[in-house]
2 protein chains.
Amino acid sequence: MSNRVITISREFGSGGRTVGKKVAQALGLPCYDRELLQKIAKESGFNENYVKDAGEYAPGGFLATAFSHRGFAPTNEDYLWEVQYRVITELAEQGPCVIVGRCADYILRGKADCLRVFIHADLDFRARRIVEVYGEREASPEQRIRDKDKRRAAYHRFYTDMKWGHAQNYDITLNSGTLGIDRCAEIIQGIYENKVE
Amino acid sequence: MSNRVITISREFGSGGRTVGKKVAQALGLPCYDRELLQKIAKESGFNENYVKDAGEYAPGGFLATAFSHRGFAPTNEDYLWEVQYRVITELAEQGPCVIVGRCADYILRGKADCLRVFIHADLDFRARRIVEVYGEREASPEQRIRDKDKRRAAYHRFYTDMKWGHAQNYDITLNSGTLGIDRCAEIIQGIYENKVE
(Lines give C-alpha, C1' and ligand atoms only; values in the text may rest on other atoms or scores of the structure.)
Protein backbone atom coordinates (compact mmCIF):
# COMPACT_ATOMS: atom_id res chain seq x y z
CA MET A 1 0.00 0.00 0.00
CA SER A 2 1.22 3.49 -0.74
CA ASN A 3 2.36 5.73 2.08
CA ARG A 4 -0.15 8.02 3.62
CA VAL A 5 0.77 11.67 3.16
CA ILE A 6 -0.85 14.84 4.47
CA THR A 7 -0.60 17.75 2.04
CA ILE A 8 -1.38 21.23 3.33
CA SER A 9 -2.19 24.16 1.07
CA ARG A 10 -2.81 27.44 2.83
CA GLU A 11 -3.65 31.07 2.50
CA PHE A 12 -0.85 33.42 3.53
CA GLY A 13 -1.11 34.23 7.25
CA SER A 14 -3.67 31.50 8.01
CA GLY A 15 -1.19 29.51 10.09
CA GLY A 16 -1.29 26.52 7.72
CA ARG A 17 2.44 25.97 8.13
CA THR A 18 2.08 25.93 11.92
CA VAL A 19 -0.85 23.52 11.59
CA GLY A 20 1.35 21.25 9.48
CA LYS A 21 4.15 21.28 12.03
CA LYS A 22 1.80 20.56 14.93
CA VAL A 23 0.14 17.67 13.08
CA ALA A 24 3.52 16.19 12.14
CA GLN A 25 4.79 16.50 15.69
CA ALA A 26 1.67 14.89 17.17
CA LEU A 27 1.81 12.01 14.69
CA GLY A 28 5.59 11.58 14.80
CA LEU A 29 5.91 12.26 11.05
CA PRO A 30 8.49 14.38 9.21
CA CYS A 31 7.14 17.77 8.09
CA TYR A 32 8.53 19.07 4.81
CA ASP A 33 8.37 22.81 4.52
CA ARG A 34 11.74 24.55 4.91
CA GLU A 35 13.45 21.15 4.36
CA LEU A 36 11.58 20.81 1.09
CA LEU A 37 12.92 24.14 -0.14
CA GLN A 38 16.43 23.08 0.84
CA LYS A 39 16.16 19.79 -1.03
CA ILE A 40 14.78 21.48 -4.13
CA ALA A 41 17.51 24.14 -3.95
CA LYS A 42 20.20 21.47 -3.64
CA GLU A 43 18.90 19.35 -6.51
CA SER A 44 18.23 22.28 -8.83
CA GLY A 45 21.36 24.25 -8.03
CA PHE A 46 19.24 27.37 -7.44
CA ASN A 47 19.55 29.51 -4.34
CA GLU A 48 17.04 28.67 -1.57
CA ASN A 49 15.54 32.16 -1.60
CA TYR A 50 15.01 31.96 -5.32
CA VAL A 51 13.29 28.59 -4.93
CA LYS A 52 11.10 30.06 -2.22
CA ASP A 53 10.01 33.03 -4.31
CA ALA A 54 9.65 31.06 -7.53
CA GLY A 55 7.12 28.80 -5.81
CA GLU A 56 4.75 31.72 -5.82
CA TYR A 57 5.28 33.16 -9.27
CA ALA A 58 3.77 31.84 -12.45
CA PRO A 59 6.52 31.56 -15.09
CA GLY A 60 7.75 34.69 -16.82
CA GLY A 61 6.13 37.11 -14.44
CA PHE A 62 2.97 37.21 -12.38
CA LEU A 63 -0.29 37.11 -14.34
CA ALA A 64 1.17 38.74 -17.45
CA THR A 65 2.19 35.45 -18.99
CA ALA A 66 0.10 33.12 -16.89
CA PHE A 67 -2.83 34.03 -19.09
CA SER A 68 -1.15 34.67 -22.40
CA HIS A 69 0.71 32.68 -24.95
CA ARG A 70 4.39 32.15 -24.25
CA GLY A 71 7.31 30.70 -26.18
CA PHE A 72 8.33 27.09 -26.29
CA ALA A 73 11.61 27.34 -24.38
CA PRO A 74 11.29 26.07 -20.82
CA THR A 75 11.91 28.77 -18.24
CA ASN A 76 13.87 28.51 -15.00
CA GLU A 77 10.55 28.13 -13.25
CA ASP A 78 9.64 25.19 -15.50
CA TYR A 79 12.92 23.50 -14.65
CA LEU A 80 12.30 24.19 -10.97
CA TRP A 81 8.84 22.69 -11.27
CA GLU A 82 10.36 19.47 -12.66
CA VAL A 83 12.82 19.24 -9.77
CA GLN A 84 10.05 20.00 -7.27
CA TYR A 85 7.89 17.33 -8.87
CA ARG A 86 10.66 14.75 -8.54
CA VAL A 87 11.63 15.71 -4.97
CA ILE A 88 8.04 15.59 -3.70
CA THR A 89 7.39 12.26 -5.41
CA GLU A 90 10.53 10.80 -3.82
CA LEU A 91 9.68 12.10 -0.36
CA ALA A 92 6.23 10.53 -0.55
CA GLU A 93 7.81 7.22 -1.56
CA GLN A 94 10.09 7.26 1.47
CA GLY A 95 7.27 7.12 4.02
CA PRO A 96 4.31 8.88 5.62
CA CYS A 97 4.89 12.62 6.02
CA VAL A 98 3.34 16.09 6.04
CA ILE A 99 4.12 18.36 3.07
CA VAL A 100 3.28 22.07 3.23
CA GLY A 101 2.64 23.98 0.00
CA ARG A 102 4.39 23.51 -3.37
CA CYS A 103 1.33 21.93 -5.07
CA ALA A 104 2.10 18.59 -3.39
CA ASP A 105 -1.58 17.63 -3.52
CA TYR A 106 -1.51 17.90 -7.31
CA ILE A 107 1.92 16.30 -7.75
CA LEU A 108 0.95 13.26 -5.67
CA ARG A 109 -2.47 12.66 -7.21
CA GLY A 110 -2.79 9.00 -8.09
CA LYS A 111 0.64 8.27 -6.59
CA ALA A 112 0.13 8.39 -2.83
CA ASP A 113 -2.73 8.03 -0.42
CA CYS A 114 -3.05 11.73 0.40
CA LEU A 115 -5.17 13.57 2.90
CA ARG A 116 -5.50 16.88 1.07
CA VAL A 117 -5.99 19.84 3.40
CA PHE A 118 -6.55 23.55 2.76
CA ILE A 119 -6.27 26.10 5.60
CA HIS A 120 -7.75 29.58 5.28
CA ALA A 121 -8.96 32.44 7.47
CA ASP A 122 -10.55 35.82 7.02
CA LEU A 123 -8.49 38.87 6.18
CA ASP A 124 -8.56 40.44 9.68
CA PHE A 125 -7.29 37.30 11.38
CA ARG A 126 -4.50 36.93 8.85
CA ALA A 127 -3.57 40.61 8.92
CA ARG A 128 -3.12 40.52 12.71
CA ARG A 129 -1.21 37.27 12.50
CA ILE A 130 1.31 38.26 9.83
CA VAL A 131 2.25 41.38 11.77
CA GLU A 132 2.79 39.23 14.88
CA VAL A 133 4.75 36.54 13.03
CA TYR A 134 6.61 38.44 10.31
CA GLY A 135 6.60 41.99 11.69
CA GLU A 136 5.57 45.29 10.09
CA ARG A 137 6.51 46.09 6.48
CA GLU A 138 6.07 49.08 4.25
CA ALA A 139 2.98 47.62 2.57
CA SER A 140 -0.09 47.19 4.76
CA PRO A 141 -0.74 43.63 6.01
CA GLU A 142 -3.91 43.50 3.89
CA GLN A 143 -1.96 44.44 0.77
CA ARG A 144 0.73 41.86 1.51
CA ILE A 145 -1.93 39.17 1.95
CA ARG A 146 -3.75 40.03 -1.27
CA ASP A 147 -0.50 40.01 -3.18
CA LYS A 148 0.69 36.67 -1.78
CA ASP A 149 -2.68 34.97 -2.24
CA LYS A 150 -2.93 36.15 -5.83
CA ARG A 151 0.52 34.82 -6.60
CA ARG A 152 -0.16 31.47 -5.00
CA ALA A 153 -3.45 31.10 -6.82
CA ALA A 154 -1.90 32.04 -10.18
CA TYR A 155 1.03 29.68 -9.66
CA HIS A 156 -1.29 26.85 -8.70
CA ARG A 157 -3.54 27.46 -11.67
CA PHE A 158 -0.64 27.69 -14.09
CA TYR A 159 0.96 24.39 -13.13
CA THR A 160 -1.99 22.33 -11.99
CA ASP A 161 -5.07 23.70 -13.71
CA MET A 162 -6.81 23.30 -10.36
CA LYS A 163 -8.59 26.17 -8.70
CA TRP A 164 -6.83 27.01 -5.47
CA GLY A 165 -9.19 27.23 -2.50
CA HIS A 166 -12.10 25.37 -4.15
CA ALA A 167 -13.47 22.92 -1.59
CA GLN A 168 -13.77 20.26 -4.28
CA ASN A 169 -9.98 19.95 -4.59
CA TYR A 170 -9.50 18.87 -0.98
CA ASP A 171 -10.59 16.20 1.47
CA ILE A 172 -10.98 18.84 4.14
CA THR A 173 -10.72 22.62 4.34
CA LEU A 174 -10.58 24.42 7.69
CA ASN A 175 -11.00 28.03 8.78
CA SER A 176 -8.18 28.58 11.27
CA GLY A 177 -9.62 31.98 12.17
CA THR A 178 -12.86 30.57 13.56
CA LEU A 179 -11.67 27.13 14.66
CA GLY A 180 -8.22 28.08 15.97
CA ILE A 181 -4.85 26.79 14.79
CA ASP A 182 -4.54 24.14 17.52
CA ARG A 183 -8.02 22.78 16.85
CA CYS A 184 -7.29 22.54 13.10
CA ALA A 185 -4.23 20.43 13.90
CA GLU A 186 -6.26 18.18 16.22
CA ILE A 187 -8.98 17.65 13.61
CA ILE A 188 -6.46 16.63 10.93
CA GLN A 189 -4.66 14.38 13.40
CA GLY A 190 -7.96 12.70 14.31
CA ILE A 191 -8.82 12.03 10.67
CA TYR A 192 -5.38 10.66 9.90
CA GLU A 193 -5.33 8.35 12.92
CA ASN A 194 -8.82 7.13 12.22
CA LYS A 195 -7.97 6.28 8.63
CA VAL A 196 -4.71 4.51 9.39
CA GLU A 197 -6.26 2.35 12.13
CA MET B 1 -25.09 34.55 23.88
CA SER B 2 -26.67 33.57 20.58
CA ASN B 3 -27.65 30.01 19.87
CA ARG B 4 -25.13 27.80 18.17
CA VAL B 5 -26.37 26.58 14.80
CA ILE B 6 -24.84 24.14 12.32
CA THR B 7 -25.59 25.04 8.70
CA ILE B 8 -24.93 22.44 6.03
CA SER B 9 -24.61 23.27 2.34
CA ARG B 10 -24.03 20.32 0.07
CA GLU B 11 -23.52 19.10 -3.45
CA PHE B 12 -26.34 16.97 -4.79
CA GLY B 13 -25.71 13.31 -3.99
CA SER B 14 -22.88 13.97 -1.52
CA GLY B 15 -24.95 12.80 1.44
CA GLY B 16 -24.91 16.21 3.12
CA ARG B 17 -28.50 15.81 4.22
CA THR B 18 -27.72 12.44 5.82
CA VAL B 19 -24.68 13.98 7.51
CA GLY B 20 -26.94 16.71 8.91
CA LYS B 21 -29.42 14.18 10.28
CA LYS B 22 -26.69 12.09 11.89
CA VAL B 23 -25.06 15.11 13.51
CA ALA B 24 -28.40 16.34 14.84
CA GLN B 25 -29.27 12.92 16.22
CA ALA B 26 -25.88 12.51 17.91
CA LEU B 27 -26.10 15.98 19.47
CA GLY B 28 -29.79 15.80 20.34
CA LEU B 29 -30.61 18.84 18.20
CA PRO B 30 -33.52 19.41 15.82
CA CYS B 31 -32.57 19.05 12.14
CA TYR B 32 -34.41 21.34 9.74
CA ASP B 33 -34.57 20.00 6.24
CA ARG B 34 -37.98 18.68 5.23
CA GLU B 35 -39.51 20.52 8.24
CA LEU B 36 -38.00 23.73 6.95
CA LEU B 37 -39.71 23.30 3.59
CA GLN B 38 -43.00 22.63 5.36
CA LYS B 39 -42.70 25.76 7.49
CA ILE B 40 -41.81 27.91 4.50
CA ALA B 41 -44.68 26.41 2.51
CA LYS B 42 -47.11 27.09 5.34
CA GLU B 43 -46.01 30.68 5.89
CA SER B 44 -45.81 31.55 2.20
CA GLY B 45 -48.97 29.77 1.13
CA PHE B 46 -47.04 28.03 -1.68
CA ASN B 47 -47.14 24.30 -2.26
CA GLU B 48 -44.28 22.36 -0.62
CA ASN B 49 -43.05 20.99 -3.94
CA TYR B 50 -42.94 24.47 -5.39
CA VAL B 51 -40.94 25.68 -2.40
CA LYS B 52 -38.57 22.76 -2.83
CA ASP B 53 -37.94 23.45 -6.51
CA ALA B 54 -37.81 27.21 -6.14
CA GLY B 55 -34.95 26.83 -3.67
CA GLU B 56 -32.82 25.74 -6.57
CA TYR B 57 -33.82 28.20 -9.26
CA ALA B 58 -32.57 31.71 -9.58
CA PRO B 59 -35.57 34.03 -10.15
CA GLY B 60 -37.12 34.22 -13.57
CA GLY B 61 -35.42 31.14 -14.92
CA PHE B 62 -32.11 29.48 -14.47
CA LEU B 63 -29.08 31.52 -15.53
CA ALA B 64 -30.98 33.56 -18.11
CA THR B 65 -31.88 36.28 -15.66
CA ALA B 66 -29.35 35.51 -12.96
CA PHE B 67 -26.79 37.32 -15.03
CA SER B 68 -28.87 39.93 -16.77
CA HIS B 69 -30.86 42.96 -15.81
CA ARG B 70 -34.42 42.29 -14.73
CA GLY B 71 -37.42 44.41 -13.91
CA PHE B 72 -38.24 45.94 -10.55
CA ALA B 73 -41.29 43.87 -9.68
CA PRO B 74 -40.53 41.21 -7.06
CA THR B 75 -41.07 37.69 -8.33
CA ASN B 76 -42.63 34.74 -6.50
CA GLU B 77 -39.12 33.57 -5.80
CA ASP B 78 -38.25 36.90 -4.20
CA TYR B 79 -41.29 36.62 -1.95
CA LEU B 80 -40.31 33.06 -1.09
CA TRP B 81 -36.81 34.24 -0.27
CA GLU B 82 -38.23 36.76 2.22
CA VAL B 83 -40.32 34.08 3.92
CA GLN B 84 -37.36 31.70 3.97
CA TYR B 85 -35.22 34.45 5.46
CA ARG B 86 -37.73 35.06 8.25
CA VAL B 87 -38.36 31.35 8.99
CA ILE B 88 -34.65 30.53 9.22
CA THR B 89 -33.94 33.55 11.41
CA GLU B 90 -36.77 32.54 13.76
CA LEU B 91 -35.62 28.91 13.95
CA ALA B 92 -32.11 30.00 14.90
CA GLU B 93 -33.55 32.24 17.62
CA GLN B 94 -35.47 29.32 19.12
CA GLY B 95 -32.36 27.30 20.00
CA PRO B 96 -29.39 25.30 18.76
CA CYS B 97 -30.19 23.29 15.64
CA VAL B 98 -28.92 21.88 12.34
CA ILE B 99 -30.20 23.52 9.13
CA VAL B 100 -29.62 21.84 5.77
CA GLY B 101 -29.50 23.95 2.60
CA ARG B 102 -31.58 27.08 1.82
CA CYS B 103 -28.61 29.50 2.17
CA ALA B 104 -28.95 29.39 5.96
CA ASP B 105 -25.24 30.18 6.35
CA TYR B 106 -25.76 33.46 4.52
CA ILE B 107 -29.09 34.30 6.16
CA LEU B 108 -27.67 33.82 9.66
CA ARG B 109 -24.41 35.70 9.17
CA GLY B 110 -23.92 38.10 12.05
CA LYS B 111 -27.10 36.80 13.72
CA ALA B 112 -26.16 33.42 15.15
CA ASP B 113 -23.03 31.60 16.17
CA CYS B 114 -22.91 29.30 13.14
CA LEU B 115 -20.65 26.41 12.30
CA ARG B 116 -20.78 26.66 8.50
CA VAL B 117 -20.25 23.32 6.77
CA PHE B 118 -20.05 22.33 3.09
CA ILE B 119 -20.18 18.67 2.03
CA HIS B 120 -19.00 17.54 -1.40
CA ALA B 121 -17.77 14.43 -3.18
CA ASP B 122 -16.50 13.50 -6.61
CA LEU B 123 -18.86 12.79 -9.47
CA ASP B 124 -18.51 8.98 -9.41
CA PHE B 125 -19.34 8.70 -5.72
CA ARG B 126 -22.38 10.93 -6.13
CA ALA B 127 -23.57 9.21 -9.31
CA ARG B 128 -23.57 5.83 -7.56
CA ARG B 129 -25.23 7.28 -4.51
CA ILE B 130 -28.12 9.07 -6.23
CA VAL B 131 -29.06 5.91 -8.10
CA GLU B 132 -29.08 4.02 -4.78
CA VAL B 133 -31.03 6.69 -2.92
CA TYR B 134 -33.33 8.17 -5.57
CA GLY B 135 -33.41 5.39 -8.17
CA GLU B 136 -32.83 5.49 -11.93
CA ARG B 137 -34.23 8.32 -14.07
CA GLU B 138 -34.28 9.06 -17.75
CA ALA B 139 -31.30 11.42 -17.52
CA SER B 140 -27.96 9.89 -16.56
CA PRO B 141 -26.92 10.34 -12.91
CA GLU B 142 -24.01 12.52 -14.05
CA GLN B 143 -26.35 14.79 -15.98
CA ARG B 144 -28.76 15.04 -13.04
CA ILE B 145 -25.87 15.99 -10.75
CA ARG B 146 -24.49 18.65 -13.08
CA ASP B 147 -27.92 20.15 -13.50
CA LYS B 148 -28.69 20.26 -9.76
CA ASP B 149 -25.29 21.64 -8.82
CA LYS B 150 -25.53 24.38 -11.43
CA ARG B 151 -28.94 25.40 -10.16
CA ARG B 152 -27.84 25.46 -6.54
CA ALA B 153 -24.74 27.47 -7.37
CA ALA B 154 -26.73 29.99 -9.46
CA TYR B 155 -29.41 30.34 -6.76
CA HIS B 156 -26.79 30.84 -4.07
CA ARG B 157 -24.94 33.42 -6.13
CA PHE B 158 -28.11 35.29 -7.03
CA TYR B 159 -29.34 35.74 -3.47
CA THR B 160 -26.15 35.81 -1.48
CA ASP B 161 -23.39 37.00 -3.80
CA MET B 162 -21.26 34.28 -2.23
CA LYS B 163 -19.52 31.68 -4.31
CA TRP B 164 -20.94 28.26 -3.51
CA GLY B 165 -18.29 25.69 -2.74
CA HIS B 166 -15.48 28.16 -2.11
CA ALA B 167 -13.63 27.01 1.01
CA GLN B 168 -13.45 30.61 2.26
CA ASN B 169 -17.22 30.75 2.83
CA TYR B 170 -17.22 27.94 5.38
CA ASP B 171 -15.65 26.96 8.69
CA ILE B 172 -15.15 23.45 7.40
CA THR B 173 -15.66 21.60 4.12
CA LEU B 174 -15.55 17.81 3.92
CA ASN B 175 -15.27 15.32 1.10
CA SER B 176 -17.82 12.63 1.98
CA GLY B 177 -16.54 10.45 -0.88
CA THR B 178 -13.06 10.05 0.60
CA LEU B 179 -13.87 10.47 4.30
CA GLY B 180 -17.19 8.63 4.39
CA ILE B 181 -20.57 10.00 5.45
CA ASP B 182 -20.37 8.67 9.03
CA ARG B 183 -16.91 10.11 9.55
CA CYS B 184 -18.04 13.52 8.27
CA ALA B 185 -20.82 13.49 10.86
CA GLU B 186 -18.38 12.52 13.64
CA ILE B 187 -15.94 15.30 12.69
CA ILE B 188 -18.68 17.96 12.77
CA GLN B 189 -20.02 16.59 16.05
CA GLY B 190 -16.51 16.74 17.54
CA ILE B 191 -16.02 20.36 16.52
CA TYR B 192 -19.43 21.39 17.83
CA GLU B 193 -18.97 19.67 21.19
CA ASN B 194 -15.49 21.06 21.57
CA LYS B 195 -16.68 24.60 20.94
CA VAL B 196 -19.70 24.44 23.21
CA GLU B 197 -17.74 22.89 26.14
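The values are calculated or read from the model by the stated rules, or taken from the named source; none is laboratory data. Keep in mind it's a predicted model, so treat the numbers as computed, not measured. For neighbour counting, all protein chains shown are included, and Cβ atoms are generated from backbone atoms with ideal geometry for every residue, glycine included. Surface accessibility is based on the protein's heavy atoms, side chains included, excluding ligands, DNA and RNA. Shrake-Rupley method; radii C 1.70, N 1.55, O 1.52, S 1.80 Å.
Results, tabulated for the structure shown:
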| item | result |
| --- | --- |
| Search result, residues across segment B:9-37 that are open to solvent by less than 80 Å² (accessible area, probe 1.4 Å) and under 20 Å from residue B:80 (Cα atoms) | B:9, B:32, B:33, B:36, B:37 |
| Subset tally (residues that are more than 15 Å from residue B:82 (Cβ to Cβ) and open to solvent by 80 Å² or more (accessible area, probe 1.4 Å)) for segment B:39-56 | 4 |
| Residue, nearest to the other protein chains (Cβ to nearest Cβ), within segment B:165-177, restricted to residues that are crowded, with 20+ Cβ neighbours inside 10 Å and assigned to a helix (DSSP H, G or I) | B:167 |
| Subset of segment A:178-187 [at the interface with chain B (Cβ under 7 Å from one of its Cβ atoms) and touching a residue at least 12 places away in the same chain (Cβ under 8 Å)] | A:178, A:187 |
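Here is a yes/no grid of residues against (1) in contact (Cβ under 8 Å) with a residue 60 or more places away in the chain; (2) farther than 21 Å from residue B:31 by Cβ; (3) open to solvent by less than 10 Å² (accessible area, probe 1.4 Å):
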position: B:137; (1), (2), (3): no, yes, no
position: B:141; (1), (2), (3): yes, yes, no
position: B:163; (1), (2), (3): no, yes, no
position: B:189; (1), (2), (3): yes, no, no
position: B:192; (1), (2), (3): yes, no, no
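Each row is one residue, and each column tells you yes or no for (1) more than 21 Å from residue A:174 (Cβ to Cβ); (2) of a type in the set (Ser, Thr, Tyr); (3) within 14 Å of chain A (Cβ to nearest Cβ); (4) open to solvent by less than 40 Å² (accessible area, probe 1.4 Å).
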site	(1), (2), (3), (4)
B:102	yes, no, no, yes
B:105	no, no, yes, yes
B:113	no, no, yes, no
B:116	no, no, yes, no
B:121	no, no, yes, yes
B:131	yes, no, no, no
B:158	yes, no, no, no
